Amino acid sequence: MADQVELLLDLARQARGRAYAPYSNFFVGSAVSTDAGTFSGANVENASYGLSICAERVAASQAVASGARHIDTVVVTSSAPTPTPPCGACRQFLYEFNPQMTVVSESRNGDRKRWVLSELLLDGFGRGDLGD
Ligand code: THU
């Protein structure tokens, strides 16, 4: 588990170097370990600001579009001085692929925080809530 997190953080740091964030200048990288391997992503912004997408959702989408259906761990690394938690939209997006996933965030200084996703999104909305 510890080695896996180190590997994911390495992938996330590399992805952060490819972030497209000319508007916020806030560079974020993410990586996920899944039932189909590891994947990474970076935030991608747009001149139409609201269309910008977070690194976590890019990484998760890469994974799912490659066949993954279960995410064990997501890591995030940003240019902030403190570890940044995933935004609300990302929490919901990730919840779909395992409410119990481990979430690790690392700041630019190497400080880390760790959560279980269901702590960050209490009583999240899932497929079971859609009924029959
Ligand atoms: N962002 C992420 O990629 N992940 C987060 O966890 C928080 C925010 C991005 C979105 C936007 O491109 C920039 O950071 C500033 O909000």
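The values are calculated or read from the model by the stated rules, or taken from the named source; none is laboratory data. Keep in mind it's a predicted model, so treat the numbers as computed, not measured. When we count neighbours, we look across all protein chains shown, and the Cβ atoms used for this are built from the backbone with ideal geometry, even at glycine. In case anyone asks, the SASA skips ligands and DNA or RNA and just uses the protein heavy atoms, side chains included. Shrake-Rupley method; radii C 1.70, N 1.55, O 1.52, S 1.80 Å.
Figure legend. Inter-residue proximity from the stretch 2-31: first residues over 14 Å from V104 (Cβ atoms) and among the polar types (S, T, N, Q), second residues at pLDDT 95 or above and more than 10 Å from the ligand (Cβ to nearest atom), beta-carbon distance below 9 Å, spacing 6+ or different chains. Indicated pairs: Q14/A31; Q14/S40. The single residue among S61, S78 that is of a type outside the set (V, I, T) and closer than 21 Å to G126 by Cα turns out to be S61.
Applying a threshold of 8 Å to beta carbon distances and a minimum spacing of six or more residues, or different chains, the list of pairs starting in the stretch 98-123 at a residue that is of a type in the set (D, E, K, R) and ending at one that is open to solvent by 100 Å² or more (accessible area, probe 1.4 Å) reads E106/R112.
Every residue in the stretch 89-114 that is touching a helix residue (DSSP H, G or I) at 6+ places or on another chain (Cβ under 7 Å) and of a type in the set (S, T, Y), please. Once the filter is applied, which keeps residues that are touching a helix residue (DSSP H, G or I) at 6+ places or on another chain (Cβ under 7 Å) and of a type in the set (S, T, Y), the stretch 89-114 yields only Y95.
Of these, A80, A59, A36, which one is in contact with a Lys or Arg (Cβ under 9 Å, 6 or more places away or on another chain) and within 11 Å of the ligand (Cβ to nearest atom)?
On the way: A59 fails: in contact with a Lys or Arg (Cβ under 9 Å, 6 or more places away or on another chain); A36 fails: within 11 Å of the ligand (Cβ to nearest atom).
A80 is the lone residue from the list that is in contact with a Lys or Arg (Cβ under 9 Å, 6 or more places away or on another chain) and within 11 Å of the ligand (Cβ to nearest atom).
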